[in-house]
Amino acid sequence: MAKEYYGTGRRKTSIAKVTMVSGKGSIKVNGVDVNEFFPFKTLVMDLMQPLVATNMVDKFDINATVKGGGFSGQAGAVRLGITKALLEYDINTDPASESSFRRILKAKGFITRDPRVKERKKPGLKKARKAPQFSKR
């Protein structure tokens, strides 16, 4: 049986659990093909970036389970999950070498989790920072 590599990614309020197995390059999100799951091609391109950067596009079959958030957050979570799974696959390579996945992915900024989340609503305001219209009289 082929070895499986795992990665968990988070973005906004989305959480993705990614399983990577050697294969022909199919990507499924919640049991559906990635092109059918995400409504925009840019989101699919976004989550494929770690595979493209490491030249592993057609070497692994990827199965991701995503919960929470919207399409953009889910795509970002899957991308981080794929990145972590690739790092697990390449764990025996020296991180200082030029061909290490860690060095390649770190340079492109894929390893860092995006910490931006929606700011909470404050009392007396309509949203986090939007105040009600001022009336002089």
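Quick check on Ile27: is it touching an Asp or Glu at 6+ places or on another chain (Cβ under 8 Å) and aliphatic (A, V, I, L, M)?
On the way: touching an Asp or Glu at 6+ places or on another chain (Cβ under 8 Å): yes; aliphatic (A, V, I, L, M): yes.
For Ile27, the condition - touching an Asp or Glu at 6+ places or on another chain (Cβ under 8 Å) and aliphatic (A, V, I, L, M) - is met.
In segment 50-72, what residues are assigned to a helix (DSSP H, G or I) and without any contact (Cβ under 8 Å) to a residue 12 or more places away in the chain?
Within segment 50-72, the first condition is being assigned to a helix (DSSP H, G or I), and the residues that meet it are 50-53, 71-72.
Once the filter is applied, which keeps residues that are assigned to a helix (DSSP H, G or I) and without any contact (Cβ under 8 Å) to a residue 12 or more places away in the chain, segment 50-72 yields only Val52.
Within segment 61-75, count every residue that is surrounded by 23 or more Cβ atoms within 10 Å (Cβ to Cβ) and under 9 Å from the mean Cα position of the chain (by Cα).
The qualifying residues number 2.
So Met45 ticks every box in (1) in contact with a Ser or Thr (Cβ under 9 Å, 6 or more places away or on another chain); (2) under 28 Å from Lys118 (Cβ atoms) but one. Which box is left unticked?
(1)
Could you check how many residues of segment 90-137 are in contact with a helix residue (DSSP H, G or I) (Cβ under 8 Å, 6 or more places away or on another chain) and among the hydrophobic types (A, V, I, L, M, F, W, C)?
Result for segment 90-137: 6.
I need a count of the residues in segment 1-49 that are of a type in the set (A, V, I, L, M), out of contact with any Phe, Trp or Tyr (no Cβ under 8 Å at 6 or more places or on another chain), in a strand (DSSP E or B) and in contact (Cβ under 8 Å) with a residue 12 or more places away in the chain.
Residues meeting the conditions: 3.
Going residue by residue through segment 1-16, is there one that turns out to be surrounded by fewer than 16 Cβ atoms within 10 Å (Cβ to Cβ), over 23 Å from Ser100 (Cα atoms) and either of a type outside the set (Asp, Glu) or modelled with pLDDT under 95 (or both)? It would help to see each step written out before you state the result.
Restricting attention to segment 1-16, the residues satisfying the condition of being surrounded by fewer than 16 Cβ atoms within 10 Å (Cβ to Cβ) are 1-4, 6, 8, 13.
Remaining after also requiring over 23 Å from Ser100 (Cα atoms): 1, 13.
Applying the additional criterion that residues be either of a type outside the set (Asp, Glu) or modelled with pLDDT under 95 (or both) yields 1, 13.
Yes, segment 1-16 contains at least one residue that is surrounded by fewer than 16 Cβ atoms within 10 Å (Cβ to Cβ), over 23 Å from Ser100 (Cα atoms) and either of a type outside the set (Asp, Glu) or modelled with pLDDT under 95 (or both).
Yes/no matrix, rows are residues, columns are (1) of a type in the set (Val, Ile, Thr); (2) under 16 Å from the mean Cα position of the chain (by Cα); (3) within 20 Å of Leu105 (Cα to Cα):
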| site | (1), (2), (3) |
| --- | --- |
| Tyr6 | no, yes, yes |
| Lys24 | no, no, no |
| Val32 | yes, no, no |
| Glu36 | no, no, no |
| Lys41 | no, yes, no |
| Leu47 | no, yes, yes |
| Lys59 | no, no, yes |
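Could you list all residues from segment 85-124 that are outside any loop (DSSP other than H, G, I, E, B), in contact (Cβ under 8 Å) with a residue 24 or more places away in the chain and either closer than 23 Å to Asn63 by Cα or over 14 Å from the mean Cα position of the chain (by Cα) (or both)? It would help to see each step written out before you state the result.
Looking only at segment 85-124, we keep the residues that are outside any loop (DSSP other than H, G, I, E, B), and these are 85-89, 101-108.
If we keep only those that are in contact (Cβ under 8 Å) with a residue 24 or more places away in the chain too, we end up with 85-89, 101, 104-105, 108.
Across segment 85-124, the qualifying residues are Ala85, Leu86, Leu87, Glu88, Tyr89, Phe101, Ile104, Leu105.
Condition test on Arg120, is it surrounded by 12 or more Cβ atoms within 10 Å (Cβ to Cβ), under 24 Å from Ser14 (Cβ atoms), among the basic types (Lys, Arg) and modelled with pLDDT of 95 or more? Don't jump to the end; show me each part of the working.
Details: surrounded by 12 or more Cβ atoms within 10 Å (Cβ to Cβ): no; under 24 Å from Ser14 (Cβ atoms): yes; among the basic types (Lys, Arg): yes; modelled with pLDDT of 95 or more: yes.
In short, no.
The values are calculated or read from the model by the stated rules, or taken from the named source; none is laboratory data. Since we're looking at a predicted model, the values are computed, not measured. We place every Cβ from the backbone using ideal geometry, glycine too, and count neighbours over all the protein chains shown.
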